[in-house]
Amino acid sequence: MASLPSGSRDDVELVKIETCDFSLVIKEKPYHERFEGLKQYWKMDFHETMRFFVQGKEVQDIQVFDLVVQKLTPSLEVRPIFFENGIYQVIIVPKTLLALSFYHEHPLLRQAISPVKIGSQTILMGNLQFQNEVGVHDF
């Protein structure tokens, strides 16, 4: 049985969050599929921005992918990097012995992230697929 290919060399770390309790990474392409590639999207002349907001206990570092400089930066207002019909890989690695869980108000998104035991450590991972509802989301 063959499986469909997943991942892409165009996938980058879009978001990295460090807290005392865990590290979180979200990966995907920083452009919409209708743009044939990152270069075409990057050349578009528009100034729409996305605001990224994190609130939580003991947040140490937040980095978001900035298309202009092509890397993760501490800037939380960047060109849009999250799009409808995208599939975003989420990885959450604990730094303590606390059992982590993932919550989203939408049951399908909540169930998409699950524990995976790797050696003696349990991480949370999965893919979030937003249909036509990318906007404000709380995790």
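The numbers here are math on the coordinates, done by the rules we state, and not lab data. Being a predicted model, the structure only gives us computed values, none of them experimental. Cβ sites come from the backbone with ideal geometry, for glycine too, and all protein chains shown count toward neighbours.
Close Lys pairs in region 12-129 (alpha-carbon distance under 15 Å; sequence gap of 8 or more, or different chains): 10.
For region 94-106, the Karplus equation 6.51 cos²θ - 1.76 cosθ + 1.60, evaluated at θ = phi - 60°, returns couplings of x, 10, 10, 8, 5, 7, 8, 9, 10, 10, 9, 4, 8 Hz by residue, with Gly and Pro reported as x. Net length available on complete extension from Arg51 to Gln131 is 26.8 nm, with 0.36 nm assigned per residue and the Cα-Cα distance removed. Remark: region 52-65, residue by residue, has Karplus-estimated 3J(HN,Hα) of 10, 10, 10, 9, x, 6, 6, 6, 9, 7, 10, 10, 10, 5 Hz, where x stands for each Gly or Pro and the curve is 6.51 cos²θ - 1.76 cosθ + 1.60 at θ = phi - 60°. For Met50, nonlocal amide neighbours, meaning residues 5 or more places apart or on other chains whose placed amide H falls under 5 Å from its own, are Val78, Arg79.
Take the Cα of Ser75, step 7 Å toward its Cβ, do the same at His104, and the gap between the two points is 2.7 nm.
Approximating the spin labels as points 7 Å out from Cα along Cα→Cβ, the Cys20-to-Gln111 distance works out to 3.5 nm.
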